[in-house]
Amino acid sequence: MKRINAIALLAIANFAMAGTSFAQYNEVRANVPFDFTVGDKLLPAGTYTIKEQSAHVILIRNRDKPIAAVSLVNGDGNKSPDGGKLKFHRYGSQYFLSEILCDRADMNLQLPQSKTEKGTALREAKLNTRDETFVAAR
């Protein structure tokens, strides 16, 4: 009986590993040349990978440092015919990740505005300095 349980457990583990190896191809990589915010977390400039963890959750991980952020996302009807890109909202010197547009990875996602971004937007509204910045992704 123990042997059957061990074999079943091994088979389940193999299926789980196969599923994660297929999912690794649905990731976006980008070199972000500035510090940016995801949700309420400030991430330093660097090379990042973005993967969908589930239907409405993404994981953003720095490839060189043990830094990561998790965020809720919404599907976005926008398409990026020229490869892939990350869209950022900029207020003064602060950047907030807004959208991930990458058809190759089947990721056209929009991040909701965080409390931090809303507060920054209100402070900067008087200065009228909101801007959008794009970073190439692959």
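Details
- For the stretch 85-112, taking the residues that are touching a Leu at 6+ places or on another chain (Cβ under 7 Å) and not in a strand (DSSP E or B), the one that is surrounded by the fewest Cβ atoms within 10 Å (Cβ to Cβ) is identified as Pro112.
- Filter result for Leu86 (out of contact with any helix residue (DSSP H, G or I) (no Cβ under 7 Å at 6 or more places or on another chain), modelled with pLDDT of 95 or more and not basic (Lys, Arg)): no
- Residue ID - modelled with the lowest pLDDT, chosen from residues in the stretch 125-134 that are under 15 Å from Gln94 (Cβ atoms) and under 25 Å from the mean Cα position of the chain (by Cα): Thr129
- Failed criterion for Glu52 (all others in (1) within 16 Å of Thr133 (Cα to Cα); (2) crowded, with 18+ Cβ neighbours inside 10 Å; (3) modelled with pLDDT under 95 hold): (1)
- Close Cβ contacts (under 7 Å, 6 or more residues apart or on different chains) running from residues in the stretch 103-116 that are more than 18 Å from His89 (Cβ to Cβ) to residues that are crowded, with 17+ Cβ neighbours inside 10 Å and among the aliphatic types (A, V, I, L, M) comprise Ala105/Val28; Met107/Val28; Met107/Ile100.
- Flag for Leu59 being modelled with pLDDT of 90 or more and surrounded by fewer than 19 Cβ atoms within 10 Å (Cβ to Cβ): yes
The values are calculated or read from the model by the stated rules, or taken from the named source; none is laboratory data. No experiment lies behind these values; they were computed from the predicted model shown. Cβ coordinates were reconstructed from backbone atoms using ideal geometry, including for glycine residues, and neighbour counts include every protein chain displayed.
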